Amino acid sequence: MTLALLVSGTTGRTSKDYFSKSIKKDISFSINNNANIDVVKNIYENREIKSPNLIKDIFNKVEEEYYLEGTPLSKILDDLKTDYYLNDSVDTLYLRKLTQIISTHSQTNPFDKLDDNQKNDFENIRAKLEHDYSRVQSDLVRIADELYNRNNLVTTYLDKSTLSYWISIIALFMTILLSFYQIYQNRTNRISKLLKEAMKEEEIEEESDNKSDDE
């Protein structure tokens with residue numbers, strides 16, 4: 001029970017919330033039905049966020065079926081485009097619609113991949129540049145993409161370090177528990193041995209007394 005409490009108590013600190021990759025099906029379906037970027041954003045903003053536990057993090061590959069909560073809409077749209085080209089079926093009408101959605105989103109939300117503070121900084125730069133923004137737009141987007149990749153590397157490193165730390169804690173706890181069990185077992189064996197020896201001595205004394213009485 002103590003181990004279960006330890007695991008549940010660390011869940012919030014070691015695991016990241018996530019949402020199902022089934023959101024791609026919802027967005028793809030809406031795009032096929034001529035949805036605009038506002039509808040796509042609404043689907044994204046109303047996604048169901050779930051919280052994994054430590055055991056699931058260790059034994060399951062969550063990334064194969066889920067996106068981390070902070071995954072931006074632009075990443076999902078890019079994945080949809082990649083999925084299209086990896087699929088045998090051809091639907092050029094759908095591809096044109098998807099490309100238009102991606103283009104619109106990149107124009108209205110070019111920094112959606114970044115953390116909130118970073119996003120605000122880039123948006124402030126964009127606002128201050130006003131009409132001159134178009135001259136440096138590609139450079140700012142490139143810098144934002146590089147910053148997003150660096151953010152992911154840092155997050156991945158911290159996640160692995162934290163998970164390794166808690167695995168070590170659990171291993172230490174199990175070692176201590178096993179040590180106490182072995183100590184208890186050894187103590188029980190010693191007590192049993194002492195009792196048997198005492199009973200044997202008592203039997204010997206009784207036999208001696210019986211021989212004395214017979215004489």
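The values are calculated or read from the model by the stated rules, or taken from the named source; none is laboratory data. Everything quoted here is computed from the prediction, not taken from an experiment. Glycine gets a Cβ as well: all are built from the backbone with ideal geometry, and neighbour counts include every protein chain shown.
Of the numbered criteria (1) assigned to a helix (DSSP H, G or I); (2) closer than 24 Å to D38 by Cα; (3) in contact with a helix residue (DSSP H, G or I) (Cβ under 8 Å, 6 or more places away or on another chain), the one L93 fails is (3). Counting only residues that are among the hydrophobic types (A, V, I, L, M, F, W, C) and without any contact (Cβ under 8 Å) to a residue 24 or more places away in the chain, the stretch 21-34 holds 1 of them. Just one of (1) of a type in the set (G, A, S); (2) at pLDDT below 85; (3) out of contact with any Asp or Glu (no Cβ under 6 Å at 6 or more places or on another chain); (4) surrounded by 15 or more Cβ atoms within 10 Å (Cβ to Cβ) fails for A35. It is (2).
Each residue in the stretch 96-120 was checked for being assigned to a loop (DSSP other than H, G, I, E, B) and surrounded by fewer than 16 Cβ atoms within 10 Å (Cβ to Cβ), and 1 pass.
Per-residue answers, yes or no, for (1) surrounded by fewer than 11 Cβ atoms within 10 Å (Cβ to Cβ); (2) modelled with pLDDT of 90 or more; (3) in contact with a helix residue (DSSP H, G or I) (Cβ under 7 Å, 6 or more places away or on another chain):
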| residue | (1), (2), (3) |
| --- | --- |
| L5 | yes, no, no |
| S8 | no, no, no |
| S30 | no, yes, yes |
| N53 | no, no, yes |
| F59 | yes, no, no |
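Residues in the stretch 68-90 that are exposed (fewer than 13 other Cβ atoms within 10 Å of the Cβ) and part of a loop (DSSP other than H, G, I, E, B): 5 in all.
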